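The next block holds one structure in the form of structure tokens; read it before the comments.
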Amino acid sequence: MTRLWRLIRDRSGVSAIEFALAFPIFIQMIWMIFQAGFVFQAVSGMQHALGEGARYATIFPRPSDAAIRQRMLDKVYGTGNGVGTFTVATPTAGPSEQNGTTTAATSLILSVSYSQATSLLIVPGPTISLTRTKQVWIAD
């Protein structure tokens, strides 16, 4: 019985056991922060591509839809290490009226999508899919 009491009261090695339990959780949290950073970088790249596409669509003479799409593809950035996939849609014609009144301008809808499969180191995580669109008014 005295041996059992001595073993129960002995505190040596407790910090090693606590470290062994907490360290995998700490590493998992650090990895999740990196995954979130990849998504934030991709969102920034999507917004940059939409802005460049909008500026390019409004020049005179108006470029073709394929040229606008290619410009957006050239300007998108983020996750160059193959973590996610960008998809730039071909610009589509938007409505020609604003606030219920017909205008002398036409519009284009620009769209960029991003998809990333996340990893939780041991098991696969959820797939994150984001889409950003921008409506560009073009004067006739």
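The values are calculated or read from the model by the stated rules, or taken from the named source; none is laboratory data. Since we're looking at a predicted model, the values are computed, not measured. Neighbour counts are summed over all protein chains in view; Cβ atoms, including those assigned to glycine, are modelled from backbone coordinates with ideal geometry.
Which one is modelled with the highest pLDDT, of the residues in the stretch 57-107 that are farther than 17 Å from SER44 by Cβ and of a type in the set (Asp, Glu)? My answer is ASP65. Considering each residue of the stretch 11-33 in turn, none proves to be under 30 Å from GLN135 (Cβ atoms) and either under 23 Å from the mean Cα position of the chain (by Cα) or of a type in the set (Gly, Ala, Ser) (or both). Of all residues in the stretch 44-79, those being in a loop (DSSP other than H, G, I, E, B), of a type outside the set (Ser, Thr, Tyr) and within 12 Å of the chain's Cα centre (by Cα) number 2.
Out of ALA117, ALA66, one residue alone is among the hydrophobic types (A, V, I, L, M, F, W, C), closer than 30 Å to ILE25 by Cα and free of Cβ contacts under 8 Å to residues at least 60 places away in the same chain. It is ALA117. Right, PHE23: part of a helix (DSSP H, G or I) and either surrounded by 15 or more Cβ atoms within 10 Å (Cβ to Cβ) or modelled with pLDDT of 95 or more (or both) or not? Yes. Apart from one condition, LEU73 fits all of (1) in contact with a strand residue (DSSP E or B) (Cβ under 6 Å, 6 or more places away or on another chain); (2) buried (at least 18 other Cβ atoms within 10 Å of the Cβ); the exception is (2).
Scanning the stretch 58-75 for residues that are in contact with a Pro (Cβ under 7 Å, 6 or more places away or on another chain) and under 11 Å from VAL88 (Cα atoms) gives ILE68, ARG69. Per the conditions (1) farther than 15 Å from THR131 by Cβ; (2) aliphatic (A, V, I, L, M); (3) modelled with pLDDT of 95 or more; (4) assigned to a strand (DSSP E or B), the sole criterion not satisfied by LEU110 is (1).
Against the numbered list (1) over 14 Å from VAL112 (Cα atoms); (2) touching a helix residue (DSSP H, G or I) at 6+ places or on another chain (Cβ under 9 Å), ALA22 comes up short only at (2).
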